[in-house]
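K.L.:
The structure's right below; bear with me while I get my questions together.
The values are calculated or read from the model by the stated rules, or taken from the named source; none is laboratory data. In this text the structure is predicted, and so the values were computed from the model without any measurement. As a convention, Cβ positions derive from the backbone with ideal geometry for all residues, glycine included, and neighbour counts pool all protein chains shown.
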Amino acid sequence: MFTRIMTSVIGIPLVILVIVIGNPLLCYVLMAASLVALYEFYGVIKKRQHPMCSIGYIAVIIHYLAFDWVMANYFIFITLVTMATLIVLVIRYPKYSIIDVSLTIFPVIYVALMFSFLLLLRNMQNGNFWVWLIAISAWGSDTFAYFTGKTIGHRKLAPVLSPKKTIEGSIGGVIGAGVLACIYTLIYTHFGAFEVREQMLWIVVATVLGAIISQFGDLAASAVKRYYDQKDYGYILPGHGGILDRCDSLLFVAPIIYMVVMIVQSTI
């Protein structure tokens, strides 16, 4: 527990600094985090498959170094990555199979693309506000779920995938995230330079939706680990596991918050 707390004490200020500074630092940090997460994912599936790791790493680097072009032409980008893996499949057959092709491409989309929504939100007007809303949905709900589950949790949420998670904890996490979003919005608008109180309902809705979907993100990551009989994805964060162990729920929340913000901003 001490190690876990110390990692948070050191890591949280660094995360705050990176988000406040924004680009290009945030882009490079996300690229590094994506590469580590990709390494962790490939490390797990290597137990049974043979992903073409080099193609995945190169794709992630290109994804961030040419971020604006990639996001504007994602169909072209992912088509080129797919073609590259299929060409290697032909050249190196039968070392690689179509399963290896799939498990080369999927982690690139899962990690790099879904992390990208943090960068997209940060680049929007009032980006600092929206990025922290992702953290509240993902990590805030996780914290409330943990303590609620510890206190009153009895009924198992997903006993096979995550035996310690409870339905009561899940509900507590969603409610807690919604309350945190209200408090956060009031504090931010009091000290910040913009007014979003009139959007409070949408902010809470986005946070609650994010909190709900974050639990699926956590369980989806657990499903992969259980399939490969792996406890954690990595050990880079003492007491927390790997980047994917810490960010699995965040990867699901970021796109949801982004989509809600885009819908709301297009209607006001």
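K.L.:
Determine which single condition N128 fails, assuming it passes every other condition in (1) part of a loop (DSSP other than H, G, I, E, B); (2) in contact (Cβ under 8 Å) with a residue 40 or more places away in the chain.
P.N.:
(1)
K.L.:
To continue, here is another question. Tell me the residue from I98, I87, I136 that is in contact with a Leu (Cβ under 9 Å, 6 or more places away or on another chain), loosely packed, with under 15 Cβ neighbours inside 10 Å and either free of Cβ contacts under 8 Å to residues at least 24 places away in the same chain or under 21 Å from L251 (Cβ atoms) (or both), please. Show your work before the answer.
P.N.:
On the way: I87 fails: in contact with a Leu (Cβ under 9 Å, 6 or more places away or on another chain); I136 fails: loosely packed, with under 15 Cβ neighbours inside 10 Å.
None of the other options fit; the residue is I98.
K.L.:
Does A112 satisfy the criteria of being in contact with a Ser or Thr (Cβ under 8 Å, 6 or more places away or on another chain) and in a helix (DSSP H, G or I)? Even if it seems obvious, please write down each step before you answer.
P.N.:
Numbers: in contact with a Ser or Thr (Cβ under 8 Å, 6 or more places away or on another chain): yes; in a helix (DSSP H, G or I): yes.
Yes; evaluated as a whole, the condition is true for this residue.
K.L.:
Need the failing condition index for K150 against (1) out of contact with any helix residue (DSSP H, G or I) (no Cβ under 6 Å at 6 or more places or on another chain); (2) within 22 Å of V179 (Cβ to Cβ); (3) touching a residue at least 24 places away in the same chain (Cβ under 8 Å); (4) not aromatic (F, W, Y), just the number.
P.N.:
Failing condition for K150: (3).
K.L.:
For the stretch 162-174, enumerate the residues that are buried (at least 16 other Cβ atoms within 10 Å of the Cβ) and either charged (D, E, K, R) or at pLDDT below 90 (or both). Spell out the reasoning first.
P.N.:
Let us first name the residues in the stretch 162-174 that are buried (at least 16 other Cβ atoms within 10 Å of the Cβ), namely 162, 165-166, 168-174.
S162, K165, E168, listed by residue number.
K.L.:
Would you mind finding the one in F117, F77 that is over 23 Å from C247 (Cα atoms), surrounded by 14 or more Cβ atoms within 10 Å (Cβ to Cβ) and of a type outside the set (S, T, N, Q)? It would help to see each step written out before you state the result.
P.N.:
Values: F117 fails: over 23 Å from C247 (Cα atoms).
Only one candidate passes the filter, namely F77.
K.L.:
So which residues in the stretch 146-178 are among the basic types (K, R) and outside any helix (DSSP H, G or I)? Explain how you work it out, then say what you get.
P.N.:
We begin by selecting, within the stretch 146-178, every residue among the basic types (K, R); these are 150, 155-156, 164-165.
R155, K156, K164, K165, listed by residue number.
K.L.:
A further question follows. Please verify whether A181 is at pLDDT 90 or above, surrounded by 22 or more Cβ atoms within 10 Å (Cβ to Cβ) and in a helix (DSSP H, G or I), treating the condition exactly as stated.
P.N.:
Working: at pLDDT 90 or above: yes; surrounded by 22 or more Cβ atoms within 10 Å (Cβ to Cβ): yes; in a helix (DSSP H, G or I): yes.
Judged against the criteria, A181 is a match.
K.L.:
Tell me whether the stretch 140-152 contains one or more residues that are aliphatic (A, V, I, L, M) and more than 19 Å from the chain's Cα centre (by Cα). Show your work before the answer.
P.N.:
Just the residues of the stretch 140-152 that are aliphatic (A, V, I, L, M), to begin with: 145, 152.
Restricting the remaining residues to those that are more than 19 Å from the chain's Cα centre (by Cα) gives 152.
Yes - at least one qualifying residue is present in the stretch 140-152.
K.L.:
Regarding T143, is this residue assigned to a helix (DSSP H, G or I), among the hydroxyl-bearing types (S, T, Y) and either crowded, with 22+ Cβ neighbours inside 10 Å or touching a helix residue (DSSP H, G or I) at 6+ places or on another chain (Cβ under 7 Å) (or both)? Let's see the steps before the verdict.
P.N.:
Working: assigned to a helix (DSSP H, G or I): yes; among the hydroxyl-bearing types (S, T, Y): yes; either crowded, with 22+ Cβ neighbours inside 10 Å or touching a helix residue (DSSP H, G or I) at 6+ places or on another chain (Cβ under 7 Å) (or both): no.
For T143, the condition - assigned to a helix (DSSP H, G or I), among the hydroxyl-bearing types (S, T, Y) and either crowded, with 22+ Cβ neighbours inside 10 Å or touching a helix residue (DSSP H, G or I) at 6+ places or on another chain (Cβ under 7 Å) (or both) - is not met.
K.L.:
Out of all the residues in the stretch 166-175, is one or more in contact (Cβ under 8 Å) with a residue 24 or more places away in the chain, farther than 30 Å from L30 by Cβ and among the hydroxyl-bearing types (S, T, Y)?
P.N.:
No, that holds for no residue.
K.L.:
If you don't mind, another one. Can you pull out the residues in the stretch 222-245 that are closer than 30 Å to T185 by Cα and buried (at least 23 other Cβ atoms within 10 Å of the Cβ)?
P.N.:
So the first thing to find is which residues in the stretch 222-245 are closer than 30 Å to T185 by Cα, and the list is 237, 240, 243-245.
Residues satisfying the conditions are I243, L244.
K.L.:
Among the residues of the stretch 33-43, are any among the aliphatic types (A, V, I, L, M) and touching an Asp or Glu at 6+ places or on another chain (Cβ under 8 Å)? If you could, list the steps in order and put the result at the bottom.
P.N.:
Of all residues in the stretch 33-43, those among the aliphatic types (A, V, I, L, M) come to 33, 35-38.
Applying the additional criterion that residues be touching an Asp or Glu at 6+ places or on another chain (Cβ under 8 Å) yields none.
Checking the stretch 33-43: not a single residue is among the aliphatic types (A, V, I, L, M) and touching an Asp or Glu at 6+ places or on another chain (Cβ under 8 Å).
K.L.:
Suppose the filter is assigned to a helix (DSSP H, G or I) and within 21 Å of Y93 (Cα to Cα); does S54 pass it?
P.N.:
When the stated conditions are applied, S54 passes them.
K.L.:
Right, another one. Can you find even one residue in the stretch 75-83 that is touching a Phe, Trp or Tyr at 6+ places or on another chain (Cβ under 6 Å) and either in the same structural domain as Y110 (by TED's automatic domain parsing) or assigned to a helix (DSSP H, G or I) (or both)? Give the derivation first.
P.N.:
Looking only at the stretch 75-83, we keep the residues that are touching a Phe, Trp or Tyr at 6+ places or on another chain (Cβ under 6 Å), and these are none.
Within the stretch 75-83, none of the residues are touching a Phe, Trp or Tyr at 6+ places or on another chain (Cβ under 6 Å) and either in the same structural domain as Y110 (by TED's automatic domain parsing) or assigned to a helix (DSSP H, G or I) (or both).
K.L.:
Go through (1) among the small types (G, A, S); (2) closer than 16 Å to G173 by Cα; (3) out of contact with any Asp or Glu (no Cβ under 8 Å at 6 or more places or on another chain) and name the single condition A223 misses.
P.N.:
Looking at each condition in turn, A223 falls short on (2).
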